[in-house]
Amino acid sequence: MKFVTLAIAVVSISDRAAACTTLVVGKRASADGSVLLSHSDDSGAGFDARLCFVPGLDHAEGSLRPVYFAQESFPRHIGTDRGDCYLPQAGETPYEPIGYIPEVKRTFGIFEATYGLLNEKGVGMGESTCSGVFGTKARGHGGQALFSIDALSRVSLERAATARDAITIMGSLAEEYGFYGEGTFEGSAESLMVGDADEAFMFHILPDPDGTSAIWVARRVPDDEVGVTANMFVIREVDFNDEHNYLFSESVRTVAQEKGWWTTGEPLDFTKIYSDGEYAHKFYSGRRVWGAYRLFGQNFSDDYEDLRYNATYPVTAKPGQPITVNDLFRIHRDHYEGTKYDMTQGLAAGPWADPDRWSDWNTEVQGSWERSIGLFRTSETHVVQARKADKSIGSLLWYGPHNADATVFLPVPQSATEVPESYKIANPNVLNRTSAYWAHKYVFNIAKMKYSYAMEDVKSERDVLEAAGAEMVADLDEAMPGATTVNQKVAELAQTVLSTWWGLPDTIVSKYADGFLNDGEALGYPDWWLRAVGYENGPPPPPSQTVSSGSSALDVVRLEQCVRSCPVGDRFAPCMQSCQARAAFLV
């Protein structure tokens, strides 16, 4: 049965609508017994990549909590109500709320970027924008809905001590006050991975048909399984009798019945009914799902007809091996290396195996690139490692500014009460050498000059610093210090990352400048690439000139070719003399 698409196109396609891959790992599927979840924010140009801490506060009876429009470009918020990250700077005016809800007596401290990431209770989240059959607008912007996924994720982390609580809070607020997404079908709906040390959920939400409430469902991730969401719903049949594994709004059933899409007693496939499928192109979502499961150790099909109607991939699956934090780092850095979709191979990758393909929305040429998991336009990637705080410092937020492949994931424990200064500076329009975001962005773009070579230097430094982060966590787990010491240790590591990363561009330039290695050996183009770009069809060699020297004739061109093959540097002169010695006519 095909369903009619009812999406309301109210804004043009944005970078955000081409965004975000999320992963989740149950506690018995991970190597250390922690629940893992992640998110790459692939929003693109202009977005706000700051990591901010919003402290927990006590609130007077009858207080109201302001709710703001989902401003995601820089600055995403200006005001005095969300910590020092957002304080108004010269010439800035605080943002006005679009509505209010009753405040709770005590809120928890949270770390946030565009969305809520981790709270002091160890509850974490990761977001992926999805297509939906309904769309609406926000209050004050042409609609009636109060909550975006940005606001829902933050409010729930301010109030929830468990992942299950967070799901319930988001669902009830969205139903009561309304939910809005991006606007077009590409982003009118949303998905979150939500987890704590005990369990994790996949959460899907979209507006209801009249734009005043919400339709949502959450499915518990089995403890021994993993899951992937990549800009499209994945939850299939909803078991309305299983309250432990499924949470949902009653509108899941009522709207489907009213539209004639479902009848009581039949299985209700949430994705088939409420998703509007893949956007940008076929395989835009499915390729990443396939790619991530491949690295989780599952060999699923890489082909299908229509991902909305064909349940090609399971909602969750058992991994082939226990999963670590580093495995999630690896997946977020993946470009399908070693497969037939390997983006480091072929003419589009150039001679230096560059997997990135710049945005091409302005071209009139019809076509599409593969959509890799690792991506040049990522503003931040994070992994939440949800752990119990009784024998450790608890859950960790591993935060990586900019592109995942060239980032260092910095561990920030749930007990921290501040963010290193360099991670609170991320104006995408102003290069700032005190900014961790700009340090990572700078390194990534400098590495483009000789990508396959330069990225080896980047990876070498990256691995050392991430190992230092793991060592810092182990030390903190053993010492179990207070927030002051935790803040200090995180700040020290952040400073090491910052200084190392700002030193890398000079290393890369000096090492690979002008096509040479350390101003010596020439790093020539690979033969396959020369053939592919027509090098052999270029100007021919100069005309041969025969010279006699009393013995056999010798072609001057052969001498020139011999000399040209000599390595640049100290070995050039001896090589040239050898060429001349073999040229009898010069003796």
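What follows is calculated from the coordinates using simple rules that are stated; it is not laboratory data. All values reported here derive from a predicted model rather than from experimental measurement. Every residue, glycine among them, receives a Cβ derived from its backbone with ideal geometry; neighbour counts consider all protein chains shown.
Can you grab the distance from the C-alpha centre of region 316-395 to the C-alpha centre of region 99-123, Å, no decimals?
28
If you average the C-alpha positions of region 149-188 and of region 60-82 separately, how far apart do those two centres end up, in angstrom?
That distance is 15 Å.
As an exercise, identify the trypsin sites (Lys or Arg not before Pro) in region 275-344 lying in DSSP coil whose Cβ has no more than 13 other Cβ atoms within 10 Å.
Counting only loop positions with at most 13 other Cβ atoms within 10 Å, the trypsin sites (Lys or Arg not before Pro) in region 275-344 are Lys340.
Over region 308-450, consider all pairs of different Cα atoms and compute the Kirkwood hydrodynamic radius from their mean reciprocal separation; express it in Å, one decimal.
For region 308-450, the Kirkwood estimate is 17.9 Å.
What lysines does Lys459 reach when the alpha-carbon gap must be under 16 Å and sequence neighbours fewer than 8 apart in one chain are set aside?
Straight-distance partners of Lys459: Lys441, Lys448, Lys450, Lys511.
Please identify the trypsin sites (Lys or Arg not before Pro) of region 422-473 that satisfy two criteria: DSSP loop assignment and at most 16 other Cβ atoms within 10 Å. Which are they?
Answer by residue number: Arg433.
Can you give the relative contact order of the chain as a percent, counting alpha carbon pairs under 8 Å and 6+ residues apart?
Relative contact order here is 14 percent.
Here are labelled values, (i) 1.07; (ii) 0.99; (iii) 1.01, and one is the computed Rg/Rh (Cα atoms, Kirkwood Rh) for what I pasted. Which one?
Structure-derived value, by its label: (i).
Which of the pairs Lys105/Lys137; Lys121/Lys388; Lys27/Lys272; Lys27/Lys388; Lys121/Lys424 have their Cα atoms more than 20 Å apart in this structure?
In this structure, Lys105/Lys137; Lys27/Lys272; Lys121/Lys424 exceed 20 Å between Cα atoms.
Please report Trp352, Trp528 as a ranked list, fewest other C-beta atoms within 10 angstrom at the top and most at the bottom.
Trp528, Trp352
For region 210-249, taking Cα atoms only, what is the radius of gyration to one decimal and the Dmax to the nearest whole Å?
Calculated on Cα positions, Rg and Dmax stand at 12.1, 39 Å.
List the trypsin sites (Lys or Arg not before Pro) within region 62-157 that fall in a DSSP loop (any state other than H, G, I, E or B) and whose Cβ has at most 15 other Cβ atoms within 10 Å. If you can, show how the numbers build up before the last one.
On the way: sites: Arg76, Arg82, Lys105, Arg106, Lys121, Lys137, Arg139, Arg154; in loops: Arg76, Arg82, Lys105, Lys121, Lys137.
For trypsin sites (Lys or Arg not before Pro) across region 62-157 that sit outside H, G, I, E and B with at most 15 neighbouring Cβ atoms in 10 Å, the list reads Lys105.
With just the Cα atoms defining each centre, how far is region 205-220 from region 396-418? Give it in Å.
31
Among Ser128, Ser452, which comes first, second and so on when ranked by fewest other beta-carbon atoms within 10 Å? Walk me through the numbers before you get to the answer.
On the way: Ser128 30, Ser452 17.
Ranked by crowding around the Cβ, least crowded first: Ser452, Ser128.
Tell me, which cysteines of the chain are without a disulfide-compatible partner by the Cβ under 4.7 Å rule?
Cys20, Cys130
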